[in-house]
Amino acid sequence: MRVIYVSWSEAVNLCYKLALQVASSSYMPDAIVAVLRGGVVPALVLSDVLGVDEFYAIRVKHWGIARELYSVPVVEQLPQGRIEGKSVLLVDEVADTGKTLARAIEELMKLGAAEVKTAVLHLKPTSTVAPDYYAVKLDEWAWIFYPWSLAETLLSLAVRELGEAAGAESIARKAGEIASKLGVEHYKKSIIEVALKLYSKKHKLK
């Protein structure tokens, strides 16, 4: 399986690239809505560059560790502010299947948004939704490893390879090996170990 690791500096540059695309278009959003959790960092950068003060979030649950939890994504949190009659820019990190974006768009329109446009850092060929803006379009499917999802990504990759039955210790060891292989060198080993331990405990990996 192909894994693309995106460093912090690369991620920020992609966020700026995305922001410039929106800025050069005719679209002027009144509000930015981030898809929790992955879309928060890109959305913050876009909010700053575009000068959009109204910043909200929507949580759409679709993925668990290494697998889809729901065939139809479940909306767990709606934007905290009023978006009725407003032009909204919906921001996420990646368009994979497109289901999350489609579900979020549906909910925002139900809340009365006048228009919803979407922006992502990476667009995969498997997405059923074509975002209005994207920084990178992939020719083939790959697992994108963003720096703000350290433990989640490493554990997901390890579980995908070993299976949850392998146990927390083996999974954590494999996750560390994957981190080394991918060159995730800017994280201290102690940070990775703590993150993996806490994430494993929370998700009840035995």
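Quick one: which of 17/86; 117/189; 86/137; 137/201; 61/117; 181/202 span more than 30 angstrom between C-alpha atoms? Walk me through the intermediate numbers first.
Numbers: 17/86 24 Å; 117/189 40 Å; 86/137 28 Å; 137/201 35 Å; 61/117 20 Å; 181/202 25 Å.
In this structure, 117/189; 137/201 exceed 30 Å between Cα atoms.
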Inset, instruction - Kindly report the accessible area of the chain per residue (heavy atoms of protein chains, probe 1.4 Å, no ligands, DNA or RNA), in Å². - result: 51
Inset, instruction - Name the long-range amide H neighbours of residue 116: under 5 Å, sequence gap of 5 or more, or other chain; modelled H, no Pro or chain starts. - result: 88
Inset, instruction - Work out from phi, with θ = phi - 60° and the Karplus expression 6.51 cos²θ - 1.76 cosθ + 1.60, the ³J(HN,Hα) of each residue of region 130-140, listed in order in whole Hz, and give x for Gly and Pro. - result: 9, x, 5, 9, 8, 7, 9, 10, 8, 7, 9
Legend entry - Helix-derived mean residue ellipticity, 222 nm - over the chain, DSSP H n ≥ 4, -39500 (n - 2.57), to 500: -13000 deg cm²/dmol
Inset, instruction - Can you bin region 79-206 into rounded, prolate or oblate? Criterion: square roots of the alpha carbon gyration tensor eigenvalues sorted a ≥ b ≥ c, rounded for a/c under 1.5, prolate for a/b above b/c, oblate for the rest. - result: prolate
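Of all accessible surface on the chain at a 1.4 Å probe, what whole percent is carbon and sulfur? Intermediate values should be presented prior to the final figure.
Numbers: 5560 of 10580 Å².
Summing carbon and sulfur atoms, their accessible area is 53 percent of the total for the chain.
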Inset, instruction - Report residue 128's accessible area, 1.4 Å probe, all protein chains in place, as a number in Å² to the nearest 10. - result: 110
Legend entry - Amide H contacts of residue 144 (H built 1.01 Å from N, under 5 Å, at least 5 apart or other chain): 4
Inset, instruction - Pull up all non-local amide H partners of residue 36: gap of 5 or more, or a different chain, and H-to-H distance under 5 Å with H placed in the peptide plane. - result: 58, 59, 60
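The values are calculated or read from the model by the stated rules, or taken from the named source; none is laboratory data. Just so it is clear, the model here is predicted, and its values are computed rather than measured. Surface areas here come from the heavy atoms of the whole protein model, side chains and all, with no ligands, DNA or RNA. Shrake-Rupley method; radii C 1.70, N 1.55, O 1.52, S 1.80 Å.
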